[in-house]
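Undergrad: Can you keep this structure in mind? I'll have questions shortly.
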Amino acid sequence: MSDVNMVKRRVLIVGGGAAGMSAAFAFSQHPELFDVVLYERSSSPGGMATSTPIDKEKYGADYINDGVQGASPVFHNTFAIFEKLNFSTSDVGMQVSFGKDPETEFWSNVFPSQVIDKFSADIKKFGKVLKIIKALEPVFALISVSAMLRIFRFSAEFGEVMVFPLVALFFGTGNQTPFISCAILERVFMDPNMCLFEYSPETFLASIPTMRAFPRLSTLYNAWKILVETDSQGSVRVINKKEVTRVERSSKDTGGVKVWSRHTEGTNNEQTVIDPGEEEEETFDEIVICTDADAAMVLLGKDARWLEKRVLGNVKYLWDTTVTHNDIKYMEKYYQVKYDPCLRFKTGPDDTDKQQRFKFAEEHFSPLYFIRSYPSDKRRVEMSFDLTVYQPQFDGVSPRGKRSNEFNDTTLGSASSEQASRNIPLDHHVFQTIFLDNSPESVRLWSKDEIRPDKVILEKWWKQQSHRWQHYAGTVPWMGFINGKVCSTAPSLVEPNFKISS
């Protein structure tokens, strides 16, 4: 059949986050084959990658990325699409401050602390255990971090003070950290495609890794929308403020997918739609659902098949709230925000490496991540960011970002992580504190009410996936079985192989 007589397949993409926009981009490369529309219920594409205006005169920048801050350099496809859109990231040294009390809690990847000395035996054993987990990864993939710590007889305090906060930091697993697969923990250190931290038998973490801070994400996603609509020659349209409410797959004989949707006025900070309109019915040949598993289950409703219910229903979600603020007194009460010599490792004062780290910390200690455990329940944590240190616009970088080769010393890091804050007083820094899991057991521990109301810039709810071990046993291996036809596109920038359910 010639291209002239070929009937285009009508395709609906549900959701305009990273997955939905990637699907739209892939379809845009084949305008002769598909007629595609993407429905996004909020006022702009991006999903959790949102930006919010702030007072530049007061804080030193006119916006923040309030949902997603940056990523490890291993996320090559993310940075490839950035380059395609003529955006770039900014390198920043990932300095982390864990805990508060110098003798029992505080440690950092910037310099060795008293806690490092306290857990020296556990730290040395940890390296050996990582090798065992790697050798038997299929087995340990089904064993939780907390169970692994018991199996190898690590002290409970080592898990609570060092291991759980570290995993919560990298994977955003929050209070579910004890239940995630310990194979994931091993990969943080040993998998070339996921490795962020370098293990040290002496100091636990041997370096300050490089993170890539994102440009203004709202601008980037709008540019992505323009790109897909332009490249597709009009065959792909991205429509904001339209929510899909339910779908119904027809029989194999009749084919097609019935879709009900409605217009909205966007979403609010509780992630619910504003002023939804009346439902409209349409029919498509194919549908690509690019939402979280819970939302997919709602869309499928009674039409969900047995395996879909088992696989998607196995995914556990939690609701967290972020408070963006500039309450420095709150931060100083619960975290080590500044360097203090009393925090230092007490033994081995003549060690050259330690002395170099102490000197570096004295001049450049400027954490962008903070984590603390709650005193009454050490397995539950609170996390904070210093957005002024993390995000490049506070250092005068364009919303489109810039390329940076300044961060080359991965052993001690560089001053690049503090460049953003050097001209902005600490009491004018913008912080974001995450209160995890709105279950009654967690909420009773929250200190959210201690942040001064006049210091609050933004408060927002977020739905987060749990990375517990059951996810890797009951969902990940089975996702390929619940998709419909495989529609492989020609090789493209992100090399997708989208599975389109119908």
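Undergrad: Among the residues of segment 32-62, count how many are in contact with a helix residue (DSSP H, G or I) (Cβ under 8 Å, 6 or more places away or on another chain) and not hydrophobic (A, V, I, L, M, F, W, C).
TA: Total satisfying the criteria: 11.
Undergrad: Further question: Taking segment 88-140 only, how many residues are acidic (D, E), part of a loop (DSSP other than H, G, I, E, B) and crowded, with 16+ Cβ neighbours inside 10 Å? So that I can check it myself, show each step before the final result.
TA: Applying the first criterion (acidic (D, E)) to segment 88-140 yields 91, 101, 103, 105, 117, 122, 137.
Narrowing the set further to residues that are part of a loop (DSSP other than H, G, I, E, B) leaves 101, 103, 105.
Among the residues that remain, those that are also crowded, with 16+ Cβ neighbours inside 10 Å are: 105.
Qualifying residue count for the region: 1.
Undergrad: Sticking with this one: Can you pull out the residues in segment 301-311 that are open to solvent by less than 20 Å² (accessible area, probe 1.4 Å) and without any contact (Cβ under 8 Å) to a residue 40 or more places away in the chain?
TA: Within segment 301-311, A304 is the sole residue that qualifies.
Undergrad: From the set of residues in segment 312-341 that are in a helix (DSSP H, G or I) and surrounded by fewer than 20 Cβ atoms within 10 Å (Cβ to Cβ), which is farthest from the chain's Cα centre (by Cα)?
TA: Top of the filtered list is P341.
Undergrad: Moving on. Among the residues of segment 342-400, count how many are assigned to a helix (DSSP H, G or I), closer than 23 Å to L205 by Cβ and modelled with pLDDT under 95. Break it down into steps so the answer makes sense when it comes.
TA: Looking only at segment 342-400, we keep the residues that are assigned to a helix (DSSP H, G or I), and these are 342-343, 352-364, 387-390, 392-395.
Now restrict to residues that are closer than 23 Å to L205 by Cβ: 342-343, 352-364, 387, 389-390.
Next, from what is left, pick out any that are modelled with pLDDT under 95: 342-343, 352-364.
Residues meeting the conditions: 15.
Undergrad: Can we say L185 is assigned to a helix (DSSP H, G or I) and out of contact with any helix residue (DSSP H, G or I) (no Cβ under 9 Å at 6 or more places or on another chain)? First the steps, then the outcome.
TA: Details: assigned to a helix (DSSP H, G or I): yes; out of contact with any helix residue (DSSP H, G or I) (no Cβ under 9 Å at 6 or more places or on another chain): no.
The answer is no for L185.
Undergrad: Look through E278, E265, E270 and report the one residue that is in a loop (DSSP other than H, G, I, E, B), charged (D, E, K, R), under 25 Å from E441 (Cβ atoms) and open to solvent by 30 Å² or more (accessible area, probe 1.4 Å).
TA: Working: E278 fails: under 25 Å from E441 (Cβ atoms); E265 fails: under 25 Å from E441 (Cβ atoms).
Answer to the selection: E270.
Undergrad: For the subset of segment 141-178 comprising residues that are assigned to a helix (DSSP H, G or I) and open to solvent by 30 Å² or more (accessible area, probe 1.4 Å), which member is modelled with the lowest pLDDT? Working first, answer last.
TA: Here is the first cut: in segment 141-178, the ones assigned to a helix (DSSP H, G or I) are 145-151, 156-171, 174-178.
If we keep only those that are open to solvent by 30 Å² or more (accessible area, probe 1.4 Å) too, we end up with 150-151, 156-157, 160, 170-171.
Values: R150: 94, I151: 95, A156: 90, E157: 92, E160: 90, F170: 69, F171: 66.
Filtering segment 141-178 for residues that are assigned to a helix (DSSP H, G or I) and open to solvent by 30 Å² or more (accessible area, probe 1.4 Å), the one modelled with the lowest pLDDT comes out as F171.
Undergrad: Also: So, in segment 450-474, how many residues would count as being open to solvent by 40 Å² or more (accessible area, probe 1.4 Å) and within 22 Å of the chain's Cα centre (by Cα)?
TA: Selection size over segment 450-474: 11.
Undergrad: Here's a follow-up. For segment 432-449, how many residues are more than 16 Å from the chain's Cα centre (by Cα) and either surrounded by 18 or more Cβ atoms within 10 Å (Cβ to Cβ) or of a type in the set (F, W, Y) (or both)?
TA: Matching residues across segment 432-449 total 3.
Undergrad: List pairs: first residue in segment 39-50 and of a type in the set (A, V, I, L, M, F, W, C), second residue crowded, with 20+ Cβ neighbours inside 10 Å anywhere in the structure, Cβ distance under 6 angstrom, at least six positions apart or on different chains.
TA: Going by the 6 Å Cβ cut-off, the qualifying pairs are A49/L217.
Undergrad: Given the conditions (1) within 26 Å of S51 (Cβ to Cβ); (2) modelled with pLDDT of 95 or more, which single one is not true for W260?
TA: The number of the failed condition is (1).
Undergrad: Please name all residue pairs, on different chains or six or more residues apart, with Cβ atoms under 8 Å, provided the first residue is in segment 196-221 and is closer than 19 Å to S22 by Cβ and assigned to a loop (DSSP other than H, G, I, E, B) and the second residue is small (G, A, S) and open to solvent by 30 Å² or more (accessible area, probe 1.4 Å).
TA: P215/S398
Undergrad: Are there strands (runs of 3 or more DSSP E) fully within segment 1-84 with at least 3 residues that are of a type in the set (A, V, I, L, M, F, W, C) and either within 21 Å of E243 (Cα to Cα) or at pLDDT below 95 (or both)? List them.
TA: Working: elements: 9-14, 34-40, 51-53, 63-65.
By residue number, 9-14, 34-40.
The values are calculated or read from the model by the stated rules, or taken from the named source; none is laboratory data. This one's a predicted model, so the numbers in the text were calculated from it and none came from an experiment. In this analysis, Cβ positions are derived from the backbone assuming ideal geometry, glycine residues included, and neighbour counts consider all displayed protein chains. In case anyone asks, the SASA skips ligands and DNA or RNA and just uses the protein heavy atoms, side chains included. Shrake-Rupley method; radii C 1.70, N 1.55, O 1.52, S 1.80 Å.
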